[in-house]
1. Please work out if residue 194 is outside any loop (DSSP other than H, G, I, E, B) and surrounded by 20 or more Cβ atoms within 10 Å (Cβ to Cβ).
2. Got a number for residues in segment 104-147 being of a type in the set (Gly, Ala, Ser), in a loop (DSSP other than H, G, I, E, B) and touching a helix residue (DSSP H, G or I) at 6+ places or on another chain (Cβ under 8 Å)?
3. I'd like the full set of residues that are in a loop (DSSP other than H, G, I, E, B) and surrounded by 15 or more Cβ atoms within 10 Å (Cβ to Cβ), limited to segment 219-242.
4. Kindly state which helices (runs of 4 or more DSSP H) lie completely within segment 1-92 and contain at least 2 residues that are modelled with pLDDT of 75 or more, within 32 Å of the chain's Cα centre (by Cα) and under 26 Å from residue 161 (Cβ atoms).
5. Going by the conditions given, is residue 170 under 16 Å from the mean Cα position of the chain (by Cα), in contact (Cβ under 8 Å) with a residue 12 or more places away in the chain and assigned to a helix (DSSP H, G or I)?
6. Would you say residue 148 is in contact with a Phe, Trp or Tyr (Cβ under 7 Å, 6 or more places away or on another chain), surrounded by 13 or more Cβ atoms within 10 Å (Cβ to Cβ) and assigned by TED's automatic domain parsing to the domain that holds residue 281?
7. For segment 131-183, what are the residues that are under 19 Å from residue 287 (Cβ atoms), out of contact with any strand residue (DSSP E or B) (no Cβ under 8 Å at 6 or more places or on another chain) and of a type outside the set (Lys, Arg)?
Amino acid sequence: MARDKHFSPSDRPSTPHRRARHNDHAYAQDDYRPAKKPSTKPKGPSFRLHKLLAEAGYGSRRDMEKLVQSGRVTVNGEVAHQGLQVNAEDRIKVDGRAIRLNFEQELPQVLLYHKPEGEIVSQDDPEGRVSVFDKLPKLRKGKWISIGRLDINTSGLLIFTTSGALANYFMHPRYEVEREYAVRIFGELTETQLSQLTEGIELDDGPAAFDRIYKQGGEGANNWYQVMLKEGRNREVRRLFEAFDLQVSRLMRVRFGPVSLPSRVRRGKMLKMEQKEVVKLLEWAGMAVPHGPLKQMSPREKLKATSVFSPKVRKQRKSILDREPVEQADPYAKRKPKPKSQVKPNKRKRPIKRRIHGGEDDVKRSGN
């Protein structure tokens with residue numbers, strides 16, 4: 001009986017009495033076994049679903065909101081709803097197909113473009129005119145967002161970025177980011193007109209004014225002016241001069257906020273902003289800078305990143321909202337046989353006859 005006190009569940013009982021005690025001991029161990037604790041591992045940051053879809057390049061945020069509302073997006077097997085927060089552990093599908101989204105913060109890309117006249121800043125144009133979006137370099141993930149617009153007859157600095165928050169900071173009226181233009185007009189402004197342009201003029205869509213305006217000289221009837229304002233309404237600069245019956249013959253944006261158009265970026269050329277400059281731009285906007293060291297680049301990559309280049313026209317990727325939803329095929333449904341006209345005949349390849357050297361014929365010819 002003394003041995004029974006130190007009975008081990010791993011020992012095999014040899015008698016029915018010991019076998020019963022062995023089973024009772026095993027059940028007792030199961031009763032006192034501690035329950036598994038729920039996982040306390042942090043799930044990581046969560047983001048809005050439509051924002052992640054837009055940053056992945058599937059379309060604009062507005063299009064992704066419509067896509068979620070249409071019921072074509074599922075998260076963990078359930079239909080997603082507007083404003084849903086997701087993290088890296090969620091399984092996201094669009095039209096039944098799994099997609100991968102980036103949940104780690106990365107340093108956004110910023111591109112400077114010297115836009116010439118004759119190009120529009122729009123991704124959809126029924127007239128089929130040349131668009132600046134047709135020339136942007138291809139991205140592996142995300143999409144280019146235009147910071148502000150320039151009309152077809154205006155040239156100068158146009159900024160593109162992959163960060164929607166940075167673009168919103170530049171464009172939102174409450175932040176009052178300053179724009180600077182070089183304007184050439186037919187005629188000359190009087191001192192009274194100069195003061196009126198800074199005090200304010202009533203336009204069709206409300207009062208408007210320049211924060212500052214300076215004369216930069218000119219020849220003959222053409223005069224250059226440097227103007228600065230903190231809003232970007234449609235054709236606002238042109239309409240302010242047209243209020244005095246002065247026609248603008250050339251309009252060029254030379255600065256937007258802290259970003260100025262580099263002199264080496266000629267008309268129609270592009271330049272990618274360096275990582276250190278992007279970090280300074282995020283700090284200026286009061287935005288969080290991604291943690292971790294900057295990406296290490298080879299000398300060749302550094303040279304390519306800091307050199308001016310000519311854009312190439314390419315085909316833009318359409319929004320996923322424009323594609324027709326794909327119906328999920330039933331895996332248990334029988335496949336229809338293909339018609340005989342589509343069935344390819346099975347052509348067997350003829351075996352290649354190869355001569356083996358060193359055989360009887362070769363031995364006889366050699367005289368051995």
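The values are calculated or read from the model by the stated rules, or taken from the named source; none is laboratory data. Since this is a predicted model, take the numbers as computed values, not measurements. Don't worry about glycine lacking a Cβ; one is built from the backbone with ideal geometry, like all the others, and counts go over all protein chains shown.
1. Details: outside any loop (DSSP other than H, G, I, E, B): yes; surrounded by 20 or more Cβ atoms within 10 Å (Cβ to Cβ): no.
So residue 194 fails the test.
2. Residues of segment 104-147 that are of a type in the set (Gly, Ala, Ser), as a first pass: 118, 122, 128, 131, 142, 146.
Then keep just the ones that are in a loop (DSSP other than H, G, I, E, B); that gives 118, 122, 128, 142.
Checking which are touching a helix residue (DSSP H, G or I) at 6+ places or on another chain (Cβ under 8 Å) leaves us with 122, 142.
So the count comes out to 2.
3. Residue satisfying the conditions is 232 alone.
4. Numbers: elements: 2-5, 16-31, 49-55, 61-69.
Qualifying helices (runs of 4 or more DSSP H): 49-55, 61-69.
5. For residue 170, the condition - under 16 Å from the mean Cα position of the chain (by Cα), in contact (Cβ under 8 Å) with a residue 12 or more places away in the chain and assigned to a helix (DSSP H, G or I) - is not met.
6. So residue 148 passes the test.
7. Start the filter on segment 131-183 by keeping residues that are under 19 Å from residue 287 (Cβ atoms), which leaves 142-148, 159-178.
The next check asks that each one be out of contact with any strand residue (DSSP E or B) (no Cβ under 8 Å at 6 or more places or on another chain); those that pass are 142-143, 165, 168-169, 172-176.
Within segment 131-183, 142, 165, 168, 169, 172, 173, 175, 176 qualify.
This table checks each residue for (1) in a helix (DSSP H, G or I); (2) over 22 Å from the mean Cα position of the chain (by Cα); (3) at pLDDT 75 or above.
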{"position": "277", "(1), (2), (3)": "yes, no, yes"}
{"position": "296", "(1), (2), (3)": "no, no, no"}
{"position": "316", "(1), (2), (3)": "no, no, no"}
{"position": "329", "(1), (2), (3)": "no, yes, no"}
